[in-house]
Amino acid sequence: MALNMTSDSERLTAACVLSVVGGFLDIYTYLYRGHVFANAVTGNMVLFGLSLADCDWALSGRYLMAILSYACGVFATNVIHR
C-alpha cells in the first residue's frame, strides 16, 4: 500500500499525526496497561533489565512478554510479506 503524497506539507502532516498517535499509545499502555510500552521495544528492554537487577520476577515477566510479543509480530510480518 503506497501513499501518494505530493507535497512536503502533506508529508509533515502525516509524520506529525503518526508521532502523536504513537506517543499517545505509548503513554496509554504505560499508564493503564501494565507499565509496558507499545511502540518502544528498547524502553521495554531497559525496564526488563532493571527489573531483573531488582529481582522483581513478576515485573520482569511482564516486560519479557512485551518483548516476545514484539518479536512474534516482526516474525509474522516477515512470513506474511513473503
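Bear in mind that the values in this text are calculations on the coordinates, not laboratory data. Quick caveat: nothing in here was measured; it's all calculated off a predicted structure. A quick note on method: Cβ atoms are made from the backbone with ideal geometry, for glycine too, and the neighbour counts reach across all protein chains shown.
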remark   = Taking r as the C-beta separation of D56 and D26 and R0 as 22 Å, the FRET efficiency to the nearest 0.05 is 0.55
inquiry  = Could you work out [θ]222 nm for the chain from helices alone, using -39500 (n - 2.57) per DSSP H run of at least four and dividing by all its residues? Round to the nearest 500 deg cm²/dmol.
reply    = -26500 deg cm²/dmol
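Cut-off is 10 Å between beta-carbons; in what order do V74, V41 appear when sorted fewest neighbours first?
V74, V41
Rank these for me by crowding, D8, D56, D26, going from fewest to most other beta carbons within 10 Å.
Exposure proxy ranking, most exposed first: D8, D56, D26.
Rounding to the nearest 20 debye, state how big the charge dipole of segment 8-81 is about its Cα centre with +1 on each Lys and Arg Cβ and -1 on each Asp and Glu Cβ.
Here segment 8-81 has a charge dipole of around 140 debye.
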message = Based only on other Cβ atoms within 10 Å, what is the fewest-to-most ordering of R11, R82?
response = R82, R11
request  = With an 8 Å cut-off on Cα pairs and a minimum separation of 6 or more residues, tell me the relative contact order of the chain in percent.
outcome  = 18
note = Quick calc: nm separation of the 7 Å Cα→Cβ label points for R33 and T13 -> 2.8
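Convex hull over the Cα atoms of the chain, averaged projected area in nm²?
6.9
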